[in-house]
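Engineer: Following this message is one structure expressed as structure tokens.
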Amino acid sequence: MKIGIMGGTFDPIHNGHLMLGEYAARQFRLQKVWFLPNGNPPHKSGETAVRHRIEMVKLALEGHDRFELNLYEAEKGTVSYSYDTIRNLNELYPEHEFYFIIGADSLFSIESWKCPQSLLSDCTILAACRDEKDQSQVQEQIDYLKKKYQAGIELLLTPMMDVSSSDIRQMVQYGMDISSLVPPGVKEYIHEHRLYLTEEKGK
């Protein structure tokens, strides 16, 4: 089975994440897209408690038959690195073929990630590009990485959706409406649990 992997803190998950999963599934005929909330991301600190982020992902995925929550990273209890996650998923599910979905901007920093050779050889990378004028530059980086690492990397074309989790957190703090940016259940959960209202994160 062809499985897309969407990792991240999802703090909170938003419609841009869901749209990215949908486009990846359609363009590359993925049977499933697994969303893996990160319990201990190596590059971030102070994120909202993982239990809240898991619940928001659950709510966001309702009604999406091809989307599934996977708690591998959230339940590890140690720092999660992409190469390690993909390597272990390959060991746990040898019957599956994994496609790791990332933003195209990550292609330009991926060599600074931990063990990039392992990640690039253990899965197919789907690099999401939302701006037509940047496609040639992204394609150059894809060609470079393919040649250097014998990597499987494909360009994932998606519409422009100018939304980020940090923007949403700030909007909530300022009392702004986020209805168009997150699924209804996620909006309700944020307000019910009073997330993002202060500098102190949800516990």
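Just so you know, all these numbers are worked out from the coordinates, no wet-lab data involved. Since we're looking at a predicted model, the values are computed, not measured. Counting neighbours? That spans all protein chains shown, and the Cβs are built from the backbone with ideal geometry, glycine included.
Engineer: Once you've got the Cα coordinates, tell me which of LYS32/LYS114; LYS2/LYS147; LYS114/LYS148; LYS2/LYS114 are over 19 Å apart. Please report the intermediate quantities before stating the final value.
Structural biologist: Numbers: LYS32/LYS114 26 Å; LYS2/LYS147 24 Å; LYS114/LYS148 16 Å; LYS2/LYS114 25 Å.
From the list (LYS32/LYS114; LYS2/LYS147; LYS114/LYS148; LYS2/LYS114), the Cα-Cα distance tops 19 Å for LYS32/LYS114; LYS2/LYS147; LYS2/LYS114.
Engineer: Scan the chain and hand back the longest stretch that contains none of the GluC sites (Glu not before Pro) lying in DSSP loops with at most 12 other Cβ atoms within 10 Å.
Structural biologist: It works out to 96-198.
Engineer: Let me ask something else about it. Counting alpha carbon pairs within less than 8 Å and at least 6 residues apart, what relative contact order, in whole percent, applies to the chain?
Structural biologist: After rounding, I find 25 percent.
Engineer: Something else: Note down the magnitude of the dipole of the stretch 2-163 about its Cα centre, charges +1 on Lys and Arg C-beta and -1 on Asp and Glu C-beta and zero elsewhere, to the nearest 20 debye.
Structural biologist: Once rounded to the nearest 20, the dipole reads 160 debye.
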